[in-house]
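Working notes, beginning with the structure itself.
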Amino acid sequence: MNSIIERVNNVCQNVRKSHPSTSFRKLVFATKKEFKNNDIDLAIKTKKDKTLDHDHFYVMAYYDPEDDFNNETAIEVVVHHNFLGDNKFQHNQITDFLIQIFDAVVHEMRHQTQSSQRYFESYSEHAHEPFSKYLADPDELDAYALSIAIELLRAMPASRAKRNMVKMTILGKMKRGDMLVSPNLNCYIAYFKDNALLKKLAKKVYKHLETLDSRHIFV
């Protein structure tokens, strides 16, 4: 995964360097262009959500193995927002935007790797299933373990994160300022508590902590 993470990190770093201050619209366009220039095939779209505050946004992403099999764009990234006019983004907002883009793209590219390893056989669909069942799916468990390791490495060295894995409940509640260090770990703990599934998750996270190169994680 390090090569994928390095490529996505390069995209995010280049966008931030070239756009220290810009409008939301131009930031989205620049991010699309940078992914294309780095030969990473994905679609980035925006969707207005009037239930959000005017200064809030969040990023969702999806991977379609059938599109991948047919050599079509298989990863779609959607930025949900409720901005008014041509909102100006400063450094902190740009960084937050690109962190969410980085995390979403890396997660979906993990699914792409899973799918290609089994010749693009579709992994389970969960649209009508409980969220806990979605989280417990082997593919999601694997991809979220990667996401959790990335979140932890943004906040602490790998050695400290590995030591703290034996105290997952405490680690899941750990904060930097007002923000959870690992929202994804916190979510798994909330749904599964002392379930055996958490032990599987911990082993996968630990493995990623041993192999990921933190220099390529966008912060």
- Item | Lys/Arg +1, Asp/Glu -1 at C-beta; the chain dipole; positive extreme among PHE120, ILE99, TYR58 | ILE99
- Task: Report, in degrees rounded to the nearest 10, the 0 to 90 angle that the Cα long axis of helix 196-211 makes with the longest principal axis of the chain.
- Result: 60 degrees
- Note on the structure: Asserting the computed 222 nm helical MRE of the chain (DSSP H runs at least 4 long, -39500 (n - 2.57) per run, divided by residue count, to nearest 500) equals -18000 deg cm²/dmol
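Based only on Cα atoms, what Rg/Rh ratio does the range 1-58 have, Rh being taken as Kirkwood's radius?
Reported Rg/Rh, Kirkwood definition of Rh: 1.02.
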- Query: Which order do ILE99, ILE5, ILE170 fall in if you start with the one that has the fewest other Cβ atoms within 10 Å?
  - Reply: ILE170, ILE99, ILE5
- Item | Long-range Cα-Cα pairs in the chain (distance over 28 Å), rounded percent | 31 percent
- Query: For the residues LEU185, LEU84, what sequence is obtained by ranking on other C-beta atoms within 10 Å, fewest first?
  - Reply: LEU84, LEU185
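By count of other Cβ within 10 Å, fewest leading, how are PHE29, PHE35 ordered?
PHE29, PHE35
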- Message: I want the local charge near GLN13. Using Cβ-Cβ distances under 12 Å, sum +1 for each Lys or Arg and -1 for each Asp or Glu among the other residues.
- Response: +2
- At q = 0.19, 0.26, 0.30 Å⁻¹, the log10 of I(q)/I(0) for the range 54-110 from a Debye sum over equal Cα scatterers comes to -0.73, -1.02, -1.19
- Given R₀ = 30 Å, FRET efficiency for ASP86-ARG154 by Cβ-Cβ distance, to 0.05? 0.50
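Would you calculate the convex hull of the Cα atoms in the range 2-108 and tell me its volume per residue in Å³?
Working: hull volume 10.4 nm³, N = 107.
In the range 2-108, the Cα hull volume divided by residue count equals 97 Å³.
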- Item | Percent of Cα-Cα distances greater than 19 Å, calculated over the range 89-215 | 51 percent
- Message: Angle check, please: helix 183-192 long axis (alpha carbons) against the longest principal axis of the chain (alpha carbons), in degrees 0 to 90, nearest 10.
- Response: 40 degrees
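Read-outs: derived from the displayed coordinates by stated rules, not from any lab. Predicted model only: the values in this text are computed from it and were never measured. Don't worry about glycine lacking a Cβ; one is built from the backbone with ideal geometry, like all the others, and counts go over all protein chains shown.
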